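> Please see the structure below; I have some questions.
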Amino acid sequence: MTDAQLKGRRPIFWISVGAGLVALILLAVALADGFGRDPREPENIANQGAKIDMTRVLPLLDGTGDVAFSELEGKIIVINFWASYCIPCRAEHEVLTTASEQYRDQNVQFLGIVFHDDPDAARDFLDTLGWGDGYLYAEDPGARATVDFGVWGVPETYFVDATGTIVDKHYGAITRDDLIPVLESILAGDSAG
């Protein structure tokens with residue numbers, strides 16, 4: 001290439017570089033708006049205050065039938081998304097099953113929904129760690145519940161009041177200190193969780 005040809009291409013090169021930099025800066029600004037926010041903070045829970053789909057029906061993991069959300073209407077529901085491969089799910093399992101037994105007579109239903117996992121592996125997990133008494137475990141064919149709830153990963157726990165409204169959400173392994181105050185608040189009628 002001659003010097004004249006190179007000089008003719010230089011403006012195109014610099015325009016392309018400039019446009020690329022502007023695009024990167026705009027992308028960085030757009031992404032930075034979401035970064036730095038703690039998704040666990042209530043104001044960042046996109047579905048807090050949303051009503052759950054009471055027409056949803058999921059197959060029970062133990063193969064005994066289905067759980068219809070409509071049958072849970074009027075109850076406080078603690079919905080935990082979990083998986084057999086999830087290490088934090090192992091850590092929280094006893095907390096959830098113990099609370100399920102503790103609150104069984106107080107109009108509270110615990111529901112574990114398997115997240116992107118093989119049902120046989122999930123059953124093996126429960127055979128090893130224990131099936132909670134009165135605790136419902138469901139599969140999520142096609143991951144419809146996972147998508148509808150906006151689950152990012154496991155474990156995630158949703159608290160639904162007796163009106164079917166999501167009032168709180170917990171990311172990560174839930175401890176007794178996380179779980180009990182929210183449940184007590186909902187039971188006391190404070191739907192703010």
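> Output the strands (runs of 3 or more DSSP E) that fall wholly within the range 124-193 and possess 2 or more residues being more than 23 Å from Glu71 (Cβ to Cβ) and in the same structural domain as Ile79 (by TED's automatic domain parsing), or say none. Spell out the reasoning first.
Values: elements: 136-138, 156-160, 166-171.
It comes to 166-171.
> Moving to a separate point now. Filter the range 142-162 for residues that are surrounded by fewer than 21 Cβ atoms within 10 Å (Cβ to Cβ) and in contact with a Leu (Cβ under 8 Å, 6 or more places away or on another chain) and give the result.
Within the range 142-162, none qualify.
> Here is a further query. The conditions are (1) surrounded by 14 or more Cβ atoms within 10 Å (Cβ to Cβ); (2) out of contact with any His (no Cβ under 9 Å at 6 or more places or on another chain); (3) modelled with pLDDT of 95 or more, and Ile45 fails exactly one of them. Which is it?
Every condition holds for Ile45 apart from (3).
> Does Phe81 meet the test of being touching a residue at least 12 places away in the same chain (Cβ under 8 Å), closer than 22 Å to Asp53 by Cβ and not aliphatic (A, V, I, L, M)? Full working, then the answer.
On the way: touching a residue at least 12 places away in the same chain (Cβ under 8 Å): yes; closer than 22 Å to Asp53 by Cβ: yes; not aliphatic (A, V, I, L, M): yes.
Judged against the criteria, Phe81 is a match.
> If a residue has to be assigned to a strand (DSSP E or B) and either surrounded by 14 or more Cβ atoms within 10 Å (Cβ to Cβ) or touching a Cys at 6+ places or on another chain (Cβ under 9 Å) (or both) to count, how many in the range 50-59 make the cut? So that I can check it myself, show each step before the final result.
Residues of the range 50-59 that are assigned to a strand (DSSP E or B), as a first pass: 51, 57-59.
Subset that is either surrounded by 14 or more Cβ atoms within 10 Å (Cβ to Cβ) or touching a Cys at 6+ places or on another chain (Cβ under 9 Å) (or both): 58-59.
Final tally of qualifying residues: 2.
> Residue by residue through the range 56-96, note down the ones that are among the acidic types (Asp, Glu) and touching a Pro at 6+ places or on another chain (Cβ under 9 Å).
Asp66, Glu92
> Going through the range 158-178 one residue at a time, which ones are hydrophobic (A, V, I, L, M, F, W, C) and closer than 14 Å to Gln109 by Cβ? Walk me through it before giving the result.
Taking the range 158-178 as the starting set, the residues that turn out to be hydrophobic (A, V, I, L, M, F, W, C) are 159-160, 162, 166-167, 173-174.
The answer is Phe159, Val160, Ala162.
> Quick one: which residue in Ala162, Ala138, Ala121 is closer than 20 Å to Pro88 by Cα and in contact (Cβ under 8 Å) with a residue 40 or more places away in the chain?
Exactly one residue qualifies, and that residue is Ala138.
> Looking at the range 86-99, which of its residues are surrounded by 15 or more Cβ atoms within 10 Å (Cβ to Cβ) and either of a type in the set (A, V, I, L, M) or in contact with an Asp or Glu (Cβ under 7 Å, 6 or more places away or on another chain) (or both)?
Val95, Leu96, Ala99
> Quick one: which of Thr157, Thr146 is under 21 Å from Gln48 (Cα atoms), of a type in the set (Ser, Thr, Tyr) and in contact with a helix residue (DSSP H, G or I) (Cβ under 8 Å, 6 or more places away or on another chain)?
Thr157
> Regarding Ile113, is this residue part of a loop (DSSP other than H, G, I, E, B) and either within 15 Å of the chain's Cα centre (by Cα) or modelled with pLDDT of 95 or more (or both)? Even if it seems obvious, please write down each step before you answer.
On the way: part of a loop (DSSP other than H, G, I, E, B): no; either within 15 Å of the chain's Cα centre (by Cα) or modelled with pLDDT of 95 or more (or both): yes.
When the stated conditions are applied, Ile113 does not pass them.
> Going by the structure shown, is Val108 surrounded by fewer than 21 Cβ atoms within 10 Å (Cβ to Cβ), of a type in the set (A, V, I, L, M, F, W, C) and in contact with a strand residue (DSSP E or B) (Cβ under 7 Å, 6 or more places away or on another chain)?
yes
The values are calculated or read from the model by the stated rules, or taken from the named source; none is laboratory data. All values reported here derive from a predicted model rather than from experimental measurement. Reconstructed Cβ throughout: ideal geometry from the backbone, glycine too, with neighbour counts over all protein chains shown.
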